[in-house]
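J.: Sharing a structure with you now.
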Amino acid sequence: MGRSNKNLVTEDHTISSMLFITMSIIGLPVDVHVKDGSVYSGIFHTASFDAGFGTLLFSNSVYLSK
């Protein structure tokens, strides 16, 4: 009734890939489109994916539009 090793390997690979992508864009300019239609632009600083939701931090961020 536990997880199979195949699912664990796939989850580990997905987490590793997401971590690599996140680390690769630190310091780059990004545009973030929020669910409510808002758009923010800034320099990507850091991210946290704890407790099932994500938090993104930007430096020099600017609200563009909704």
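The values are calculated or read from the model by the stated rules, or taken from the named source; none is laboratory data. No experiment lies behind these values; they were computed from the predicted model shown. Positions of Cβ are backbone-derived with ideal geometry, glycine not excepted, and every protein chain shown enters the neighbour counts.
J.: List pairs: first residue in the range 26-38 and within 11 Å of Leu64 (Cβ to Cβ) and without any contact (Cβ under 8 Å) to a residue 12 or more places away in the chain, second residue aliphatic (A, V, I, L, M) and surrounded by 10 or more Cβ atoms within 10 Å (Cβ to Cβ) anywhere in the structure, Cβ distance under 8 angstrom, at least six positions apart or on different chains.
T.: That search, which allows pairs on different chains as well, returns His33/Val39.
J.: Let me ask you something else. When the residues of the range 31-66 are filtered to those that are modelled with pLDDT of 90 or more and among the β-branched types (Val, Ile, Thr), which remaining residue is farthest from the chain's Cα centre (by Cα)?
T.: Among those residues, the one meeting the criterion is Val39.
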